[in-house]
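Structure record follows, encoded as structure tokens.
The values are calculated or read from the model by the stated rules, or taken from the named source; none is laboratory data. This is a predicted model, so every value here is computed, not measured. Neighbour counts run over all protein chains shown; Cβ positions are idealised from the backbone, glycine included. Calculation scope for accessible area: heavy atoms of the full protein, side chains included, ligands and nucleic acids excluded. Shrake-Rupley method; radii C 1.70, N 1.55, O 1.52, S 1.80 Å.
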Amino acid sequence: MTYYLLVYGALSVASVLLSFSSNGIGQYAGARARQILHESMLRNILHCPVRFFECTPIGRIINRFSADMSVIDKKIATSIQRLLQFLLLCFSAIVLNAVVTPWFLIVAVPICIVYYVMQHFYRCSSRELQRLDSITRSPILSHFSETLCGLTTIRAFGQQRRFRSLLFSRTDAHTSAFLIMNSSNRWLGIALDYLGGVIVFMSVVAALLTVKTYPDVTPSLVGLAVNYTLLVPIYLNWVVKFLADMEMYMGAVERVQQYALTPTEDYRLQGITVPRAWPQKGNIVFKDVSLRYDRSREPVISNLNLHIPAGQKVGICGRTGSGKSSLVMSLFHMVDVFEGKILIDDIDTKLVPLQVLRSRLSVIPQDVIMFSGTIRENLDPQSVYTDMELWKSLELAQLKDAVSSLPGCLDAEVREGGGNLSAGERQLFCLARAILHNAACLVMDEATSSVDPSTEKALLAAATRAFAGKTVITIAHRLSTILDYDRILVLESGRIMEDGTPAQLLQRSMGIFSSMLRASQEGAPFTKNGQDSQRVVNYKRVEGKNDSN
Ligand SMILES: Nc1ncnc2c1ncn2[C@@H]1O[C@H](COP(=O)(O)OP(=O)(O)OP(=O)(O)O)[C@@H](O)[C@H]1O
């Protein structure tokens, strides 16, 4: 009796210790695995080219980071442990039955086959149903985030009802998939219960036969075997469930891994080391440059040659899709420069590490991004400038008075997306950022297209003053704004069609620039009072005088 008690006690202690260590090790391994997966996905996504974000719906990316990561975080480690536990329990029950009642082995084989077929059928269906569940969830998230972003437009056009019904129909599709998935789980539960009933029945029959044929088998041993068998259906149910769950969860790992392996931009971390002050002059040379967005697409610009001397103010215009943005984006290597060279102050930009290159040039885009925080954080996120430098840049950007009147001045609140600032103010803040950077080249990509003429005038005047003597490249939305520039380039289908001073281009009455300017004066509402036409006439007069001098 003491012997049995000691063995039982030792087994219990061993079981507790093993369970404790397997839980600890399992959870630690799970935590490390999900940390590695999350970090590699995040690192990769942050380094993906802009094109990836244009082609991938935001809802899908959020889904990877929320739903898929949550599955990996909460479910996988526990499921693997439970699966192993139930597999071992099942195995031990079958072995015990086989040892005590050998007749059980005869029925065990067909039962195993039926069991295999059933779980295979369930797992195949469950995988597809899970995919359906995941596919139908992304459109809800995309639709929801799109609706939030475009709330003003939706309300302005009275489209609330349409958007609401679209949301409901997508939610219905998702709920249906979810319901079918859950029903399939219930089906499996019921089917396995029936199979379990058959197993118990067979086990009892095998026990009766064993008692007849092997008289030395005691009733207590038979009772133990039958008792174990009673639990087999429950264990089997769990094994199948966890197997299917694991398969489903590994889908999340596969999707996360896919994002962790998405090709990133070439950051050229091993690139050349450029002087701290580069580019000092802002002398830009395009040598036989060809650009494309994708290997499978035609180049948007082919064999372009262009020299922008240091300190020149260049206006770029052309019809929509002519390649203006692509041309200036190539300076930042945001488009694939697959042929030729772009030199800035005699250094090939292809060899400069991408982060260095982008940090040395300034850009004012059409849509300025402001983050929720303070004005100081938005101007100088890395806290490298002094207050005096911040105020100086605000003064040059004509924002000093506006900021000083705010409660908290530099620490005044900026809401998400700069919601409490006007479009013009946001653009002036972007100019202040560019001034702080003190880059030798400034690029303005239709920076003034969403502001009124007076703000536009203020922004351009501030930029001209702050970037006097530096290279400024402006993609012009309103042609009248670049009439006082040093040079104008007219692009068409990725080629430079006209290149010269504004006066030279205006002299070609049948030229593209002249006709575009004429068309904009006829069409633009703010030319009704003749301001811009007058400006062109005055400009021609002044140029005429200069020429005659
Ligand atoms: N992200 C992109 N992916 C693929 N092709 C693009 C992409 N952006 C632009 N393109 C293509 O490149 C060509 C030039 O576009 P780009 O935006 O440079 O013209 P743009 O003159 O700046 O036009 P807009 O004045 O309308 O901004 C167009 O044919 C356009 O379809």
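Structure summary
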read-out	value
Search result, residues across the range 450-509 that are acidic (Asp, Glu) and farther than 24 Å from Lys281 by Cβ	Asp452, Glu456, Glu492, Glu498
Scan of the range 357-383 for residues that are outside any strand (DSSP E or B), at pLDDT 90 or above and of a type in the set (Val, Ile, Thr), ordered by number	Ile375
Set Val240, Val274, Val256: member being in contact with a Leu (Cβ under 8 Å, 6 or more places away or on another chain), β-branched (Val, Ile, Thr), more than 30 Å from Tyr194 (Cα to Cα) and open to solvent by less than 90 Å² (accessible area, probe 1.4 Å)	Val256
Some residue of the range 292-315 being small (Gly, Ala, Ser), farther than 21 Å from Ser359 by Cα and crowded, with 20+ Cβ neighbours inside 10 Å	yes
Pairs with Cβ under 9 Å, 6+ apart, first in the range 310-327 and without any contact (Cβ under 8 Å) to a residue 40 or more places away in the chain, second near the ligand (Cβ under 6 Å from one of its atoms) and part of a loop (DSSP other than H, G, I, E, B)	Gly321/Val300
Condition check for Ser66: of a type in the set (Ser, Thr, Tyr), open to solvent by 40 Å² or more (accessible area, probe 1.4 Å) and under 14 Å from the mean Cα position of the chain (by Cα)	yes
Subset of the range 284-339 [at positive phi, more than 14 Å from the ligand (Cβ to nearest atom) and part of a strand (DSSP E or B)]	Asp288, Asn303
Search result, residues across the range 23-54 that are over 18 Å from Asp73 (Cα atoms) and either within 16 Å of the ligand (Cβ to nearest atom) or over 24 Å from the mean Cα position of the chain (by Cα) (or both)	Cys48, Pro49, Val50, Arg51, Phe52, Phe53, Glu54
Tally of residues being surrounded by 15 or more Cβ atoms within 10 Å (Cβ to Cβ) and among the hydroxyl-bearing types (Ser, Thr, Tyr) across the range 140-174	3
Unique match (being at pLDDT below 90 and either assigned by the TED database to the domain that holds Val403 or touching a Pro at 6+ places or on another chain (Cβ under 6 Å) (or both)) among Ser480, Ser514, Ser493	Ser480
Residue identified as open to solvent by 10 Å² or more (accessible area, probe 1.4 Å) and within 16 Å of the ligand (Cβ to nearest atom) among Ser493, Ser454	Ser493
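Conditions tested, residue by residue: (1) of a type in the set (Asp, Glu); (2) at pLDDT 85 or above.
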site	(1), (2)
Phe104	no, no
Val109	no, no
Ile113	no, yes
Asp133	yes, yes
Glu146	yes, yes
